[in-house]
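The values are calculated or read from the model by the stated rules, or taken from the named source; none is laboratory data. Everything numeric in this text was worked out from a predicted model, so none of it was measured. Note: ideal-geometry Cβ built from the backbone for every residue, glycine included; neighbour counts use all protein chains shown.
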């Protein structure tokens, strides 16, 4: 199966190799900017918020979104923005002429076969990474087969190579990490803040789940969001993270008037096979229009493990519980960390769901617990705490 995948990739790559180099000869159209996110499968994250900001405020820029996902296509089209399928004829032609590309994960977010790397702005899909990424992630890189490494060497549009573009960051800590992870120079990293974090200060989004959260607020039901990071880019097992009888957990949540919302990582969403019960709900992309930041600020507290999402959630000043159930295994088999975990997790660390429930109840009674620790980490990893991130990014790159 793996061999056939590599053979198919090789055949397509040979054909697209010509397109890739030909696209570099095409004159670029100033003011034509291409946006994408999450391998072309989602409409969300930092690129979404900059895309909408430019559409609303910068008429001199032609902003175009490329996607491979029909739901995302229809959503963007309904909003009245310009959108095309990534590998359509229009997707190729516009990509060849584009002045700039904006991505969150990698060049597969857009049309990777017609991209000029020097025009790429990496906006990232997290805050300051806790787990090591890209060139710093030796575990993942060492697990690549010889054939995969050879393909990445021969066909530069397949994987991440030395980064020639720009990257945005939200803190000095993130800037240093991105320099190392992308093998970039200091001048390539723009300390602007992350556009998606504007939503914490100007929540003007619309998503189906907002109505549910508002109704729970009216009844004084505490809302808790659990956002574990992925395991092995979606190839790892996550069922052990919910190693508890959900009916028992549900009854415990009811007894303290709390509802748990579980948002699995993008890599695991397609394998979602859990059932909802009265006080436990598994969030789907349809609930949030593919973007958790449409609703994230509305939750009363967060549970997470090794994701950097808590650095964003700190902007709400609300409680966070950490659930590093499999930390030692994760460090050995999945990713190493950039930081001492204890120093960047301003909240209680739970070893099981019983301890999580105990901490949820404590925070319901006193949400100011760990407040000083949260403020300290907030300042360390968020240089800006306002709604001007989109404007700062635009000002930094528009010339």
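Which residue out of 94, 32 is modelled with pLDDT of 95 or more, over 22 Å from residue 296 (Cα atoms) and in a strand (DSSP E or B)? Exactly one residue qualifies, and that residue is 32.
Mind checking which residues of the stretch 68-113 are in contact with a strand residue (DSSP E or B) (Cβ under 8 Å, 6 or more places away or on another chain) and more than 29 Å from residue 204 (Cβ to Cβ)? Within the stretch 68-113, 90, 91, 95, 97, 107, 111 qualify. Looking across the stretch 99-111, the residues that are farther than 29 Å from residue 310 by Cβ and surrounded by fewer than 24 Cβ atoms within 10 Å (Cβ to Cβ) come down to 99, 100.
Of the residues examined, residue 177 is one that is under 26 Å from residue 129 (Cβ atoms) and either without any contact (Cβ under 8 Å) to a residue 12 or more places away in the chain or not assigned by TED's automatic domain parsing to the domain that holds residue 312 (or both). Is it the case that some residue within the stretch 57-67 is modelled with pLDDT of 80 or more, in a helix (DSSP H, G or I), in the same structural domain as residue 391 (by TED's automatic domain parsing) and under 30 Å from residue 206 (Cβ atoms)? Taking every residue of the stretch 57-67 in turn, at least one turns out to be modelled with pLDDT of 80 or more, in a helix (DSSP H, G or I), in the same structural domain as residue 391 (by TED's automatic domain parsing) and under 30 Å from residue 206 (Cβ atoms). Annotation note: of 326, 312, the sole residue that is buried (at least 22 other Cβ atoms within 10 Å of the Cβ) and within 27 Å of residue 134 (Cβ to Cβ) is 312. The set of residues in the stretch 335-349 being surrounded by 15 or more Cβ atoms within 10 Å (Cβ to Cβ) and not in a loop (DSSP other than H, G, I, E, B) consists of 337, 341, 344, 349. Can you say whether residue 388 is surrounded by fewer than 18 Cβ atoms within 10 Å (Cβ to Cβ) and at pLDDT 95 or above, as far as the supplied structure shows? Considered against the rule, which asks whether it is surrounded by fewer than 18 Cβ atoms within 10 Å (Cβ to Cβ) and at pLDDT 95 or above, residue 388 comes out as yes.
Please indicate, with yes or no, whether at least one residue in the stretch 15-30 is in the same structural domain as residue 126 (by TED's automatic domain parsing) and under 30 Å from residue 288 (Cα atoms). Taking every residue of the stretch 15-30 in turn, none turns out to be in the same structural domain as residue 126 (by TED's automatic domain parsing) and under 30 Å from residue 288 (Cα atoms).
Looking across the stretch 65-75, the residues that are in contact with a helix residue (DSSP H, G or I) (Cβ under 9 Å, 6 or more places away or on another chain) and surrounded by fewer than 22 Cβ atoms within 10 Å (Cβ to Cβ) come down to 68, 69, 71. Only a single criterion out of (1) assigned to a helix (DSSP H, G or I); (2) modelled with pLDDT of 80 or more; (3) exposed (fewer than 15 other Cβ atoms within 10 Å of the Cβ) is not satisfied by residue 52, namely (3). Residue count for the stretch 284-299 satisfying the condition of being assigned to a loop (DSSP other than H, G, I, E, B) and touching a strand residue (DSSP E or B) at 6+ places or on another chain (Cβ under 9 Å): 2. For the stretch 355-394, the set of residues classified as touching a residue at least 60 places away in the same chain (Cβ under 8 Å) and farther than 25 Å from residue 338 by Cβ consists of 357, 360, 361, 363, 364, 367, 386, 387, 388, 390, 391, 394, listed by residue number. Remark: pairs (first residue in the stretch 19-34, within 25 Å of residue 50 (Cα to Cα); second residue assigned to a loop (DSSP other than H, G, I, E, B); Cβ separation under 9 Å; 6+ apart in sequence or on different chains) = 28/116; 31/60; 31/61; 32/61; 33/61; 34/110; 34/111; 34/115. Against the condition closer than 27 Å to residue 170 by Cα, within 26 Å of the chain's Cα centre (by Cα) and without any contact (Cβ under 8 Å) to a residue 60 or more places away in the chain, how does residue 47 come out, does it pass? The answer is no for residue 47.
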